[in-house]
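Quick one: the structure is below, questions incoming.
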Amino acid sequence: MAANVSNITNMSGVFRNCFDLYKVCDINAPKCTEFTGMFSRCEKLVSVGTINMSNASLMAMMFYLCAKLSAIPNIILPALILQNDGKIEECYYMFAGCTNVASGILDLYDRFTRK
């Protein structure tokens, strides 16, 4: 089952501090621009489905301290993000404290946190 939040523009902190949340289905949020701290401190979160963040600009601390998260979710980002077009304004500490996530993909996000 997928959560259709296609008309929401701000999902910052929606699941923040949901300590017992362990799994999240797909999230379709193509109009949402703000995801700051969305899953911050969800200490038992293990997996997240696909997240459509195709209009995202603020993603700081989105998965902050989700220590049990085992993989980076399939995130649909703005089309030009890999060209560093400036659309992403903040994604610092997006996966900070995610100690079970394979580190290779984190390098991609680290590039966008440097100014």
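The values are calculated or read from the model by the stated rules, or taken from the named source; none is laboratory data. Everything quoted here is computed from the prediction, not taken from an experiment. Here the Cβ positions follow ideal geometry from the backbone for every residue, glycine too, while neighbour counts run over all protein chains shown. What goes into the accessible areas is simple: the full protein's heavy atoms, side chains included, and nothing from ligands, DNA or RNA. Shrake-Rupley method; radii C 1.70, N 1.55, O 1.52, S 1.80 Å.
Would you kindly find the accessible area of K44, with a 1.4 Å probe and non-protein molecules such as ligands, DNA and RNA excluded, rounding to the nearest 10 Å²?
Roll a 1.4 Å probe over it and K44 shows about 100 Å².
Hey, can you grab everything whose amide H is under 5 Å from the amide H of V48? Only 5+ residues off in sequence or another chain; H modelled, so Pro and N-termini drop out.
Amide H neighbours of V48: V24.
How high is the FRET efficiency between E43 and S6 when r is their beta carbon distance and R₀ equals 35 Å, given to the nearest 0.05?
E(calc), rounded to 0.05, equals 0.75.
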